[in-house]
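Report on the following structure.
The values are calculated or read from the model by the stated rules, or taken from the named source; none is laboratory data. Because the structure is predicted, anything quoted here is derived from the model rather than measured. Using ideal geometry, Cβ is built from the backbone for each residue, glycine included, and neighbour counts are taken over all protein chains shown. Remember, those area values only see protein heavy atoms, side chains included, never the ligands or the DNA or RNA. Shrake-Rupley method; radii C 1.70, N 1.55, O 1.52, S 1.80 Å.
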Amino acid sequence: MGNLLKVLTCTELDQGPNFFLDFENAQPTDCEREVWNQVNAVLQESESILSGLQAYKGAGQEIRDAIQNPNDLLLQERAWNSVCPLVIRLKKFYGFSLKLEKALQSLLESLTCPPYTPTQHLEKEQALAKQFAEILHFTLRFDELKMRIPAIQNDFSYYRRTISRNRINNMNLDIENEVNNEMANRMSLFYAEATPMLKTLSTATTNFVTENKTLPLENTTDCLSTMASVCKVMLETPEYTSRFNSEDTLLFCMRVMVGVIILYDHVHPNGAFTKSSKIDMKGCIKVLKDQPADNVEGLLNALKFTTKHLNDESTPKNIRTMLQ
């Protein structure tokens, strides 16, 4: 069982076993190695993607100057030359979302395939479960950063307007080969989302379920609900949090818990908030609210604004009240 430290008793809602899963140290077995290597190649890029987003300053001043002085060719050139490298960077982020989508689907395939249950998959394939968690952790970090950078959409809108109006004369338009109209349309849809990476993963999970018609839906939803239970128990049990080598692992678990709840809510026909849900939503929200507000504000907002079923009539009022 390796890093699987303890099976806990069922919760009061009888929602199945919960595990302590060693997100810090799980290593791939021979059976996991092939998928792990594929996903690892993608995950190795994630920190540079986040660094690139964190360092994104935008070309707001240059764009304002160009718009206010439409006949000043020098200012038009300066704005254009400021925006082009930023658009290339935005294309890189978008391209990474497509890689992440494929990686997630590979992991779902491994963690849901018969004859094993989600619990057995976690026992046997903890390194893959850890990678699944790392994808969700990255996704919420990316989206939290993106929401604080309105310059992204402003810069991209300026780029598209400038290209479509052919307002830049005698300039190097090589960038159009990099980001042509079709690519610009796809990128525009991606960045129009408040949480573009989460949207990508939600769609990827939904597509996975739709395309694998012979796989029972429960295989996927149970995988997600089991992961949510794993994280909740780890967060609310001091005996387990004391085993973390790094304080960052707490926030890691919180992001992963919220990420799997959102995916579950998009994939399960009744969502995550109903009384029949296999996720203890009340317990999960309480765990978040017990943490310092600065750490969880973005995560509570993600539950409020990126889930699908929160405002359904079937959602208990006390759950809605907790998220207000």
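³J(HN,Hα) across segment 293-300 via Karplus (A = 6.51, B = -1.76, C = 1.60, θ = phi - 60°), whole Hz, x for Gly/Pro?
With the stated coefficients, segment 293-300 comes to 4, 4, 6, 10, 4, x, 6, 5 Hz.
Taking a threshold of 27 Å on the Cα-Cα distance, which of the pairs LYS124/LYS282; LYS102/LYS282; LYS124/LYS213; LYS102/LYS286; LYS92/LYS124 fall above it?
Cα-Cα > 27 Å for LYS124/LYS282; LYS102/LYS282; LYS102/LYS286; LYS92/LYS124; rest within.
Output needed: percent of Cα pairs per 10 Å distance bin for segment 166-267, bins running from 0 to the one holding the longest distance.
Whole-percent P(r) values from 0 Å outward: 13, 28, 24, 18, 11, 6, 1.
Sequence gap at least 6, Cα distance under 8 Å: using those rules, report the relative contact order of the chain to the nearest whole percent.
Numbers: 359 pairs, mean separation 65.5, N = 324.
With pairs under 8 Å counted, the relative contact order is 20 percent.
To the nearest 500 deg cm²/dmol, what mean residue ellipticity at 222 nm is calculated for the chain from DSSP H runs of n ≥ 4 alone, each contributing -39,500 (n - 2.57), summed and divided by the residues?
On the way: 16 runs with 217 residues, N = 324.
Rounded to the nearest 500, the figure is -21500 deg cm²/dmol.
Kirkwood hydrodynamic radius, segment 24-166, all distinct C-alpha pairs: what's the number in Å?
Working: mean 1/r = 0.0567 Å⁻¹.
17.6 Å is the Kirkwood radius here.
Provide, as a two-decimal number, the C-alpha radius of gyration of segment 205-319 over 2.2 N^0.38 Å, N being how many residues it has.
Segment 205-319 yields a ratio of 1.08.
Roughly speaking, to the nearest percent, how much of the chain's 1.4 Å accessible area is carbon and sulfur?
Values: 7640 of 15890 Å².
The value for the chain is 48 percent carbon and sulfur by accessible area.
How many angstrom lie between the C-alpha centres of segment 76-107 and segment 180-232?
Taking the Cα centre of segment 180-232 as reference, the centre of segment 76-107 is 19 Å away.
Residue by residue, what Karplus-based ³J(HN,Hα) values in Hz, rounded to whole numbers, does segment 237-243 have, using 6.51, -1.76 and 1.60 with θ = phi - 60° and x for Gly and Pro?
10, x, 4, 8, 4, 5, 7
Going by a ≥ b ≥ c, the root eigenvalues of the Cα gyration tensor, does segment 284-324 fall in the rounded group (a/c under 1.5), the prolate group (a/b larger than b/c) or the oblate group?
Working: a/c = 2.97, a/b = 1.67, b/c = 1.78.
Oblate, because a/c is 1.5 or more while a/b does not exceed b/c.
For the chain, modelled as a GNM with alpha-carbon contacts under 10 angstrom, which of CYS84, CYS231, CYS253 fluctuates the most?
CYS84
With only Lys, Arg, Asp and Glu charged, each at its Cβ (+1 for the first two, -1 for the last two), find how big the charge dipole of the chain is about the Cα centre; round to the nearest 20 debye.
Numbers: 34 positive and 40 negative charges, 176 e Å.
With only Lys, Arg, Asp and Glu charged at Cβ, the dipole is about 840 debye.
So, for the chain, what is the accessible surface per residue at a probe of 1.4 Å, expressed in square angstrom?
Here the residues of the chain average 49 Å² of exposed surface.
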